[in-house]
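Undergrad: Supplied in structure tokens, the structure appears directly below.
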Amino acid sequence: MKPFNVNPALLKGEVILQARNVSKVYGSTHALKGVNFEIRRGEVTTLFGENGAGKSTLMKILSGVITPTSGEILLNGEESVFRSATEARDCGISIIHQELNLAPNMNVRDNIFMGREIRRAGGVDYAEEARITRHLMAALEEEIDPLTPVETLRLGQQQIVEIARALSVNAQILIMDEPTSALSAAEVAVLFQVIRDLTSQGVAIVYISHHLEEALEITDRAVVLRDGVMTAYAKREEIDLQWIVRHMVGNHFDLGSPPQGYAFGARALTVKDLTVQSKTGIRLVDNLSLAVQAGEIVCLYGLMGAGRTELLETIAGRLRQSSGQILLQDTDLSGLTISQRIKLGLALVPEDRQRDGLVQTLSVGENLSLASISEFVRGLVLSTRREKQLISESIRNVTVKTAGGDAAIGSLSGGNQQKVVIGKMLATRPKVILLDEPSRGIDIGAKAEVFRLLAESASRGLAVVYTTSEVGECLSIAHRIVVMSKGRISAIFDASVSKERIMAASGESMVA
Ligand SMILES: Nc1ncnc2c1ncn2[C@@H]1O[C@H](COP(=O)(O)OP(=O)(O)OP(=O)(O)O)[C@@H](O)[C@H]1O
Ligand SMILES: [Mg+2]
């Protein structure tokens, strides 16, 4: 890929885009307060910050999606006002948004060229579009046919299509807002190679991620935002993980430890000889057995494709089991619908919260109470007082940063939207809660809060099963760590196990 013709040796390190004293106000929220920020050619500038710190807001301003309340943007030293994303794109600025922005029923090629079709005499040059699509997907090592409908792709592949679209612009400035949240380790490695190629050609990159260690790998300069204020700025060689965390949260944090001082209750969830097959007959879950007691927290660790998501989705009733048995306390769940399972006390926080967990057209409060709405129905009267009370409790519990229950869900930062989904499921007062990657896309502070909330619920008798791809998150609140590989359990550990042993059992050490 050759994005544009410059001599990188001449320009590397030169400031290309600058935000000067930029502020953004939304009603009573000051999302950005007088931020100065610069992006340099041939370098990766990484933006760190907790959920709601203002990262996406700053990037949307730089890419013309929204306009600042005050302050100015300078491109190549000249003040420039982008009135739309299209205008910014024409100036060579491309953005990969945190939330996927694809049309699910359209194919990969049309998503990539949506609004920028390649014209030739007589219409759109679909063949040329398909050729470029194939080229981009090959560069990203994801050989997907350009005509594949996006909705049939798994989340990680959709994210790669989003990346391909941003690359297709041949931008001089490429902004990546959480581009790897759904990618596997191998896919991340490919993306990082692409980033290195681009910077060596002089492209300026802004990178945002909550995977701090991963982001450090490609960072040239780091900027930390906290509550809309830039709190630190440094070159890669001057910083480490502790530096980032210290400036992000301002104080010490940890992800907690397994709650203790109580005895587990009866079996809450029993999975017996469970097998789940894909349409093509592959065993996604292979004769797996697992029991979880009331009050117990189990972490399911494994690589992409280990079968964790399939296991949870089958327990929740979203996928059909081929054989085996699932019991909630003593009740056999086979044949029951998702909502029947929820009524019995089973809650699932899915992996793709954007699509499955939230109703974008409803407010924060409505989303929080959606799943537990039957609790408020007394006779035929909806008890709004009780609902309001529960909503403000939930908002407090999951410490969602919002103007209030009436705020639109779209006004929340990405991580805060995810906290709403978790709050919503806890509000159903389940006996068993299954969480698929609950920490995906949420910052360290929010992670600690979510884990604290789960630990507290467990000590009151909730059985908790959560999956994670970050080994550090296994060694937090879990009493037991169950490692999955290829649809089977490859090891079970207690909380005293080392990171290395967990990774070895997942097969990770071999992949790396
Ligand atoms: N359209 C909007 N209307 C009202 N408030 C908004 C809007 N967009 C963002 N905000 C608020 O601005 C603040 C900054 O949000 P932003 O999305 O920039 O955070 P972020 O750093 O990207 O967080 P995350 O890591 O969770 O993605 C938050 O308090 C958010 O609720
Ligand atoms: Mg964001």
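The values are calculated or read from the model by the stated rules, or taken from the named source; none is laboratory data. Keep in mind that this is a model prediction, so the values were computed, not measured. For neighbour counting, all protein chains shown are included, and Cβ atoms are generated from backbone atoms with ideal geometry for every residue, glycine included. Note: accessible area is taken over every heavy atom of the protein model, side chains too, but ligands, DNA and RNA are not part of it. Shrake-Rupley method; radii C 1.70, N 1.55, O 1.52, S 1.80 Å.
Undergrad: With N denoting the number of residues in segment 8-249, provide Rg(C-alpha) divided by 2.2 N^0.38 Å, to two decimal places.
TA: Taking N as the residue count of segment 8-249, the ratio is 1.01.
Undergrad: Next up: Rounded to the nearest whole Å², what accessible area per residue is found for the chain with the 1.4 Å probe?
TA: Dividing the accessible area of the chain by its residue count gives 44 Å².
Undergrad: Using the alpha-carbon centroid of each, what span in Å lies between segment 94-161 and segment 261-297?
TA: Cα centroid to Cα centroid, the span is 38 Å.
Undergrad: Before rounding to the nearest 500, sum -39500 (n - 2.57) across all DSSP H runs of length at least 4 in the chain and divide by the residue total; then give [θ] at 222 nm in deg cm²/dmol.
TA: -9500 deg cm²/dmol
Undergrad: Same structure again: If you place +1 on the Cβ of every Lys and Arg, -1 on the Cβ of every Asp and Glu, and leave all else neutral, what size is the dipole of segment 20-104 about its Cα centre, to the nearest 20 Debye?
TA: With Lys and Arg at +1 and Asp and Glu at -1, about 140 debye.
Undergrad: Let me ask something additional. GluC sites (Glu not before Pro) within segment 129-217: which are DSSP loop residues with at most 12 other Cβ atoms inside 10 Å?
TA: Listed in order of number, the matching sites are Glu143.
Undergrad: What percent does the relative contact order of the chain come to when contacts are Cα pairs within less than 8 Å and at least six residues apart?
TA: 16
Undergrad: Please compute P(r) over all alpha-carbon pairs of the chain, binned at 20 Å starting from zero, and give each bin as a whole-number percent.
TA: Over the chain, the share of Cα pairs per 20 Å bin runs 21, 54, 23, 1 percent.
Undergrad: Farthest toward the dipole's positive end in the chain, which of Thr428, Val482, Ile16, given Cβ charges of +1 (Lys, Arg) and -1 (Asp, Glu) about the Cα centre?
TA: Toward the positive end, the furthest listed residue is Thr428.
Undergrad: Charges at C-beta only: +1 for Lys and Arg, -1 for Asp and Glu. How large is the resulting dipole of segment 149-220 about its Cα centre, in Debye rounded to 20?
TA: Charge dipole of segment 149-220: 220 debye, to the nearest 20.
Undergrad: Which residues does a label at Ala138 reach in segment 154-184, if reach means a backbone N under 12 Å from a point 7 Å past the Cα toward the Cβ?
TA: none
Undergrad: Which Cα, out of His135, Ser181, Ala204, lies furthest along the positive dipole direction of segment 111-236 (beta carbon charges, K/R +1, D/E -1)?
TA: Ala204
Undergrad: Could you go through segment 264-272 in sequence order and give the Karplus-derived ³J(HN,Hα) for each residue, using 6.51 cos²θ - 1.76 cosθ + 1.60 with θ = phi - 60°, rounded to whole Hz, and x for Gly and Pro?
TA: Residue by residue, segment 264-272 yields 5, x, 5, 4, 9, 9, 10, 10, 10 Hz.
Undergrad: Counting only residues 5 or more places away or on other chains, whose amide H sits under 5 Å from the amide H of Leu303 once H atoms are built in the peptide plane?
TA: none
Undergrad: Calculate the spin-label point distance for Glu237 paired with Ser80, positioning each point 7 Å from the Cα along the beta-carbon direction, and give it in nanometres.
TA: Going by the 7 Å Cα→Cβ label model, 3.1 nm.
Undergrad: In whole percent, what relative contact order does segment 8-249 give with Cα contacts below 8 Å and a gap of six or more residues?
TA: Answer for segment 8-249 is 28 percent.
Undergrad: Mind checking which of Val124, Thr57, Ile195 is farthest towards the positive end of the chain's charge dipole, using Cβ charges of +1 (Lys, Arg) and -1 (Asp, Glu) about the Cα centre?
TA: The residue sitting most towards the positive pole is Thr57.
Undergrad: Place a label point 7 angstrom from the Cα of Glu38 along the Cα-to-Cβ direction, then list the residues of segment 70-85 whose backbone nitrogen is under 20 Å away.
TA: 71-81
Undergrad: Heavy atoms only, probe 1.4 angstrom, no DNA, RNA or ligands counted: give me Met304, Met248 ranked by accessible area, highest first.
TA: Solvent-accessible surface, decreasing: Met304, Met248.
Undergrad: Roughly speaking, to the nearest percent, how much of the chain's 1.4 Å accessible area is carbon and sulfur?
TA: The C+S portion of the solvent-accessible surface of the chain is 50 percent.
Undergrad: Mind giving me the FRET efficiency for Glu217 and Asp332? R0 is 35 Å, r the Cβ-Cβ distance, nearest 0.05 is fine.
TA: About 0.15, to the nearest 0.05.
Undergrad: Related question: Against the 2.2 N^0.38 Å scaling, with N counting residues, where does segment 461-512 land? I'd like the Cα-based Rg ratio to two decimal places.
TA: 1.11
Undergrad: A follow-up question, please. Rounded, prolate or oblate: which one fits segment 163-212, using the alpha carbon gyration tensor with axes a ≥ b ≥ c (rounded when a/c is under 1.5, else prolate when a/b beats b/c, else oblate)?
TA: prolate
Undergrad: Under the rule of at least 5 residues apart or a separate chain, name every residue whose amide H is placed under 5 Å from the amide H of Asn107.
TA: Sorted by chain and number, the residues that satisfy this are Val150.
Undergrad: Note the full-extension length gain between Ser459 and Ala408 as 0.36 nm times their separation in residues minus their Cα-Cα distance, in nm to one decimal.
TA: Here the answer is 15.1 nm.
Undergrad: Mind checking segment 18-105 for trypsin sites (Lys or Arg not before Pro) that DSSP puts in a loop (not H, G, I, E or B) and that have at most 12 other Cβ atoms within 10 Å?
TA: Arg83
Undergrad: Related question: Once you put a point 7 Å from the Cα of Ala263 and another 7 Å from the Cα of Arg131, both along the Cβ direction, what distance in nm separates them?
TA: So the two model labels end up 7.4 nm from each other.
Undergrad: Compute the Cα gyration tensor for segment 73-197, then decide on rounded, prolate or oblate, letting a ≥ b ≥ c be the square roots of its eigenvalues: rounded whenever a/c is under 1.5, prolate when a/b is larger than b/c in the other cases, and oblate in all that remain.
TA: oblate
Undergrad: While we're on this one: Rounding to the nearest 20 debye, state how big the charge dipole of the chain is about its Cα centre with +1 on each Lys and Arg Cβ and -1 on each Asp and Glu Cβ.
TA: Using Cβ point charges on Lys, Arg, Asp and Glu, the chain gives about 1060 debye.
Undergrad: Out of segment 252-282, which trypsin sites (Lys or Arg not before Pro) are coil in DSSP terms and have no more than 16 other C-beta atoms within 10 Å?
TA: Answer by residue number: Lys279.
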